[in-house]
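The values are calculated or read from the model by the stated rules, or taken from the named source; none is laboratory data. Just so it is clear, the model here is predicted, and its values are computed rather than measured. With ideal geometry, Cβ positions are generated from the backbone for all residues, glycine too; neighbour counts draw on all protein chains shown. Remember, those area values only see protein heavy atoms, side chains included, never the ligands or the DNA or RNA. Shrake-Rupley method; radii C 1.70, N 1.55, O 1.52, S 1.80 Å.
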Amino acid sequence: MKSNSIWLLALIASLLLVLHAGCTRDHGEVAIGSKKFTEGILLGEVLTGLVADAGIPVQHRRALGGTRLLYNALVSGEIDAYVEYSGTLLHEVLADADLDVGFESGTGSGTGSGPGPGPGFEPRSEPGSGLSPRRQTATTRERLAARLAEDGIRLGGAIGFDNNYALGMPKPRANQLGLTRISDLLAHPGLRLRFGNEFMDRADGWPGLRDFYGLPQRDVRGVEHELAYRALASNGADLTELYTTDPEIAYYDLRTLDDDRGFFRRYEALLLYRADLEQRLPATVTALKQSIDLIDAPRMIAMNAAVQIDGRSEADVAAELLRTELGIDRVVKSDGLLVRLLRYTWEHAVLVGISLTAAVLVAVPLGIVAAHRRGLGQVVLGAVGVAQTIPALALLVFMIPFFGIGAGPALAALFLYSLLPIVRNTHAGITGISATLRESAEALGLPPGARLRRIELPLAMPMVLAGIKTAAVINVGAATLGALIGAGGYGQPILAGIRLDDTALILEGAVPAALFALAASWLFERAERAVVPRGIRPSV
């Protein structure tokens, strides 16, 4: 048994080394990050094109997730640069730093006629500050840069546009109710509000807005930001939050309600990069700073529209900008459907294969222990049961501090999700063996190890394989969520399709994932026929 334990530990250690290798990257290569919405991906493609034009190896880790994930990845060195917004830095990421002196105050949301800044957009001076709005903004930016430097991050400068929050609704509905200002919402408590999930939780989002204006609405739900627009168009909602560079504002003919009391802040697009780039790859910093003042608000709206309305790729639109504005001729390679499917399949197979193999190596021994040690068995079954109850997205986030972004957290989460069905089925298979057989084995003088190998495991094998098959099918579906943190797989086209309202893209990931799950189930059924003796196979 001792040699078996050493073999088991060696296999687990090998898998962990593979996992670690998958989570690391070549530090001679620059990694550009982007958030999981169209504008973030476009800006990531622009930065990637600038670095590539300088002849520096670069990868774009696109659509990685939300603000905290990107910022933490920048601090930890998993990415080297990305574009963040001033309001998000001040009110979410660095909210405890007391930096907001005037950089963000009194911005308003526009005139109510469409996207973009309107009257009241310039920040107001604090009473008694003695500073003009422009000087106060500069002062706050200096303080912001100093605070970012504490995390090893440089504030490279402003990209050239603001993307602010606002509230909007279809113009016919707004006209019907006579709504032009956010204050007008006080008289309509029955309105259905559908906000992006991030906006629902941020202090500078719905909670702060509700308290600031005293809004009475109670039918308020969180959805994906892109889905909220479709809810407005289908009369499934009355009002949502807008990003002022969203092309959907014009496309759906929405009215932007005037922020008449000045709650919403300014969200200036800012270049952030790691300070160590200045020593490690100084030419990268020079290349990245070409993005400063490169894109104004109308251009950003047009770029977003080219992707979300016209159906062009982010890489193609970003390349067009670099070509027209900077004379950079970047060749955009577009993979065909077959190549994409092969890549997604390989990534998905790696996620499922490694996590499932590691789970089998751990869960089968745990199931055996649980079957032979009743007290310890209850603890084991309870622990793996608790792991199964953690929501998949939460489990992914929990794993990020240990494994970083990418495949690591996904592999760890899938491993934990695979434990319960395998442990429980192994336990049930062994404990289900009749007492008569056990007593006969003991009467023949077989030692415990021999009884396990020759009698218990062969008889329990149908149940064990059924548990592994269940875990495999669960993993195939859960692995699609790995795309939220850059793990790849079939989740990539699914998430892109949801973001772009493209059913074909959604099916590009969903259909192969379903076929993959069916194939995994079939393979384990064939394995059962090969491994389990004919006399103890379950009848079909």
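Among the listed residues ALA450, ALA460, which satisfies the condition of being under 29 Å from THR436 (Cβ atoms) and touching a Gly at 6+ places or on another chain (Cβ under 9 Å)?
ALA460
Conditions: (1) among the aliphatic types (A, V, I, L, M); (2) part of a helix (DSSP H, G or I); (3) open to solvent by less than 60 Å² (accessible area, probe 1.4 Å). ILE328 meets all but one. Number of the miss?
(2)
Do we find a residue being of a type in the set (Lys, Arg) and crowded, with 20+ Cβ neighbours inside 10 Å anywhere in the range 447-458? Let's see the steps before the verdict.
Applying the first criterion (of a type in the set (Lys, Arg)) to the range 447-458 yields 451, 453-454.
Adding the requirement that they be crowded, with 20+ Cβ neighbours inside 10 Å leaves none.
Within the range 447-458, none of the residues are of a type in the set (Lys, Arg) and crowded, with 20+ Cβ neighbours inside 10 Å.
Please determine, by comparing only the residues of the range 73-94 that are among the acidic types (Asp, Glu) and assigned to a loop (DSSP other than H, G, I, E, B), which one is modelled with the lowest pLDDT. Give the derivation first.
In the first step, residues of the range 73-94 are kept if they are among the acidic types (Asp, Glu); the result is 78, 80, 84, 92.
Narrowing further to those that are assigned to a loop (DSSP other than H, G, I, E, B): 78, 80.
Values: GLU78: 90, ASP80: 95.
The residue in question is GLU78.
Kindly state which helices (runs of 4 or more DSSP H) lie completely within the range 155-236 and contain at least 2 residues that are under 24 Å from ARG499 (Cβ atoms).
So the answer is 197-201, 225-233.
Considering every residue within the range 309-324, establish whether at least one is open to solvent by 70 Å² or more (accessible area, probe 1.4 Å), in a helix (DSSP H, G or I) and either touching a residue at least 12 places away in the same chain (Cβ under 8 Å) or not aromatic (Phe, Trp, Tyr) (or both).
Yes, that holds for at least one residue.
Please determine whether any residue of the range 372-389 is hydrophobic (A, V, I, L, M, F, W, C), at negative phi, assigned to a loop (DSSP other than H, G, I, E, B) and buried (at least 17 other Cβ atoms within 10 Å of the Cβ).
No, the range 372-389 contains no residue that is hydrophobic (A, V, I, L, M, F, W, C), at negative phi, assigned to a loop (DSSP other than H, G, I, E, B) and buried (at least 17 other Cβ atoms within 10 Å of the Cβ).
THR244: of a type in the set (Ser, Thr, Tyr), open to solvent by 60 Å² or more (accessible area, probe 1.4 Å) and either under 21 Å from PHE161 (Cβ atoms) or modelled with pLDDT of 95 or more (or both), yes or no?
no
So which residues in the range 409-420 are under 17 Å from the mean Cα position of the chain (by Cα) and surrounded by 24 or more Cβ atoms within 10 Å (Cβ to Cβ), if there are any at all?
Residues satisfying the conditions are PRO409, ALA410, LEU411, ALA413, LEU414.
Please go through the range 459-471 and give me each residue that is under 11 Å from GLY429 (Cα atoms) and open to solvent by 40 Å² or more (accessible area, probe 1.4 Å), ordered by number.
Selection gives LEU459, MET461, MET463.
When the range 151-178 is examined, which residues are found to be aliphatic (A, V, I, L, M) and open to solvent by less than 20 Å² (accessible area, probe 1.4 Å)?
Residues satisfying the conditions are ILE153, ALA158, ILE159, ALA166, LEU167, MET169, ALA174.
Across the range 224-238, what is the number of residues that are open to solvent by less than 60 Å² (accessible area, probe 1.4 Å) and more than 19 Å from the chain's Cα centre (by Cα)?
7
Among the listed residues LEU11, LEU47, which satisfies the condition of being assigned to a helix (DSSP H, G or I) and modelled with pLDDT under 95?
Being assigned to a helix (DSSP H, G or I) and modelled with pLDDT under 95 holds for just one of LEU11, LEU47, which is LEU11.
I'm trying to understand the selection: among the residues of the range 348-371, which are more than 11 Å from ILE422 (Cα to Cα), surrounded by 21 or more Cβ atoms within 10 Å (Cβ to Cβ) and not aliphatic (A, V, I, L, M)?
Of everything in the range 348-371, those that are more than 11 Å from ILE422 (Cα to Cα), surrounded by 21 or more Cβ atoms within 10 Å (Cβ to Cβ) and not aliphatic (A, V, I, L, M) turn out to be HIS348, SER355.
How many residues, within the range 481-506, are crowded, with 24+ Cβ neighbours inside 10 Å and in contact (Cβ under 8 Å) with a residue 40 or more places away in the chain?
Number satisfying all stated conditions: 9.
Just a yes or no: is a residue in the range 390-406 assigned to a loop (DSSP other than H, G, I, E, B), among the small types (Gly, Ala, Ser) and crowded, with 20+ Cβ neighbours inside 10 Å?
The answer is yes, given that some residue of the range 390-406 is assigned to a loop (DSSP other than H, G, I, E, B), among the small types (Gly, Ala, Ser) and crowded, with 20+ Cβ neighbours inside 10 Å.
In this structure, is GLN290 at pLDDT 95 or above and not aliphatic (A, V, I, L, M)?
The answer is yes for GLN290.
Provide a single number: the residues in the range 421-437 that are open to solvent by less than 70 Å² (accessible area, probe 1.4 Å), at pLDDT below 85 and either part of a helix (DSSP H, G or I) or touching a Cys at 6+ places or on another chain (Cβ under 7 Å) (or both).
Adding up the residues that qualify gives 1.
Starting from the range 335-352, take each residue that is over 12 Å from GLY509 (Cβ atoms) and in contact (Cβ under 8 Å) with a residue 24 or more places away in the chain and list its partners that are polar (S, T, N, Q) and buried (at least 16 other Cβ atoms within 10 Å of the Cβ), counting only C-beta distances under 8 angstrom and pairs at least six apart or across chains.
Short answer, once both residue conditions are applied: LEU351/ASN475; VAL352/ASN475.
Answer yes or no: is there a residue in the range 279-288 that is in contact with a Ser or Thr (Cβ under 8 Å, 6 or more places away or on another chain), in contact (Cβ under 8 Å) with a residue 12 or more places away in the chain, not in a strand (DSSP E or B) and not aromatic (Phe, Trp, Tyr).
Our first condition is that a residue be in contact with a Ser or Thr (Cβ under 8 Å, 6 or more places away or on another chain); within the range 279-288, this holds for none.
No - not one qualifying residue is present in the range 279-288.
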